[in-house]
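Novice: I have a structure I would like to understand better, so I am pasting it below and will then ask my questions one at a time.
The values are calculated or read from the model by the stated rules, or taken from the named source; none is laboratory data. Note that the structure is predicted; figures quoted are calculated from it, not measured. Cβ atoms come from the backbone with ideal geometry, glycine included; neighbour counts cover every protein chain shown. With ligands, DNA and RNA removed, areas are computed over all heavy atoms of the protein, side chains included. Shrake-Rupley method; radii C 1.70, N 1.55, O 1.52, S 1.80 Å.
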Amino acid sequence: MPSCKDITEHSSDYLDRNLPWWKRMGYWLHLAMCVHCRRYVDQLKLTIDTIGKSPDATTPNVSPEEIQAIVEKMKRSTKNKDG
Amino acid sequence: MANPTLPSDDELIPRLLANDETSYAQIVAAYHGLMVHLARAIVGEAIADEVAQEAWVAVLRALPKFERRSSLKTWILRIVSNTAKSRLRHESRTVSLDESLEENPIIDPARLKPNAHWASPPAMWHADTPDALLASTELRRCISDALATLPPLQRAAVTLRDMQGLSMEAICKILEVSESNGRVLLHRARSRIQMAIEEHEGQ
Ligand SMILES: [Zn+2]
């Protein structure tokens, strides 16, 4: 049976369903008995969902002008190579 | 931000190789924002855009040799990651993987008993949904600050996985780390954010 420390070290693997079945079983048994680790894992899950919704998660916006400027730069770079 | 009109890699690659300007514009529109997001995670806000632009030139240069062992998107992001990492090295900043669990445990050892069970267990949080947590300006700043202080590769892993929803397989290819190292990077990043939220919420 894993310790609380083991639980905290592998909780992402548990949530991402990346533990082999026997480890998953030990994990599950520990969580059934340990209210602290249940809370810990629930809070990790909440943390992951919160990261995904945080302002930092927004993909930076790219304006049409910026796109055009990059395309021009790309064209120049291939011309240089050819020339 | 994903561009639903982007043609498949099979269609796109020959057109890019033929220097088709419309295809350049399509692919830049589809991926540049994501590239800046990744570059920002590794080198920081100030030069992220510059790194992403540099990566586009590198993409065109390397495209004739692209062996299709991953999707075009994954391959482009790997070039961004490498461009960003070499920029860090130029500034003599380290991009290291090896933060051992002993030196930097997930949980402060003072919170555990000698038998590795909780001595000081997690407290209940006031809020129990992402929206409720993020309603607090102060907590949003805490999360942002915690993200900003993560080591570059941890920040890249959490950006690609939890913000951009990429698969772990793609992320490990992009960051050029093993599957197990990729998972460690991601878990460390998430744990640090969790601790930042706990400091704010769990009292
Ligand atoms: Zn426990």
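Novice: Under the rule that a partner needs its Cβ under 4.7 Å from the first Cβ, which Cys of the protein assembly as shown have none?
Specialist: Cys with no partner Cβ under 4.7 Å: A:4, B:142, B:172.
Novice: Here's another thing I want to ask about it. Heavy atoms only, probe 1.4 Å: what % of the accessible area of segment B:109-201 goes to carbon and sulfur, would you let me know?
Specialist: Solvent-exposed carbon and sulfur of segment B:109-201 make up 53 percent of the total.
Novice: At 4 °C and 1.567 mPa s, what whole-number value in µm²/s does Stokes-Einstein give for the translational diffusion of segment B:109-201, with Rh from the Kirkwood sum over Cα pairs?
Specialist: In µm²/s, the coefficient rounds to 88.
Novice: Continuing with the same structure: Please tell me the relative contact order of segment A:1-60 in percent, rounded to the nearest whole number, where contacts are Cα pairs under 8 Å and at least six residues apart.
Specialist: The normalised contact order for segment A:1-60 reaches 37 percent.
Novice: Something else: How many Å² of accessible surface get buried when A and B come together, counting both sides, probe radius 1.4 Å, rounded to the nearest 100?
Specialist: On the way: alone 7080 and 11840 Å², together 14310 Å².
Approximately 4600 Å² gets buried when A meets B.
Novice: Between segment B:103-182 and segment A:1-25, what is the C-alpha centre distance in whole Å?
Specialist: 16 Å
Novice: Also, quick follow-up: In whole Å, what is the distance between the alpha-carbon centres of segment B:24-65 and segment A:31-72?
Specialist: Their Cα centres are 20 Å away from one another.
Novice: Comparing the chain by itself with all protein chains present, which residues of segment A:50-69 are at least 30 Å² less accessible (probe 1.4 Å)?
Specialist: Residues of segment A:50-69 that lose at least 30 Å² of accessible area once the other chains are added: A:50, A:51, A:53, A:55, A:56, A:57, A:59, A:60, A:62, A:67.
Novice: Quick one: compute the contact order of chain B, relative version, from alpha carbon pairs under 8 angstrom and 6+ residues apart, as a percent.
Specialist: This gives 22 percent for chain B.
Novice: If you don't mind, another one. Would you mind giving the mean number of other chain beta-carbons within 10 Å of the Cβ of each residue in A:35-47, as a whole number?
Specialist: That average works out to 6.
Novice: If you don't mind, there's one more thing I want to ask. Per the 1.4 Å probe, what fraction of the accessible area of chain A, in percent, lies on carbon and sulfur atoms?
Specialist: Exposed carbon and sulfur together represent 56 percent of the surface.
Novice: Shifting gears a bit: With a 1.4 Å probe and all protein chains left in place, how much accessible area per residue does chain B have, in Å²?
Specialist: Details: 9600 Å² over 203 residues.
Accessible area per residue, chain B: 47 Å².
Novice: Still on this structure, please answer the following. Hey, what number do you get for chain B at 222 nm if only DSSP H runs of n ≥ 4 count, each worth -39500 (n - 2.57), divided across all residues, to the nearest 500?
Specialist: Working: 9 runs with 124 residues, N = 203.
Helix-only estimate at 222 nm: -19500 deg cm²/dmol.
Novice: Okay, next question. Grab the DSSP H runs of chain A that are 4 residues or longer, score each as -39,500 (n - 2.57), total them, divide by all residues and round the 222 nm result to the nearest 500 deg cm²/dmol.
Specialist: Helices in chain A give a 222 nm mean residue ellipticity of -23500 deg cm²/dmol.
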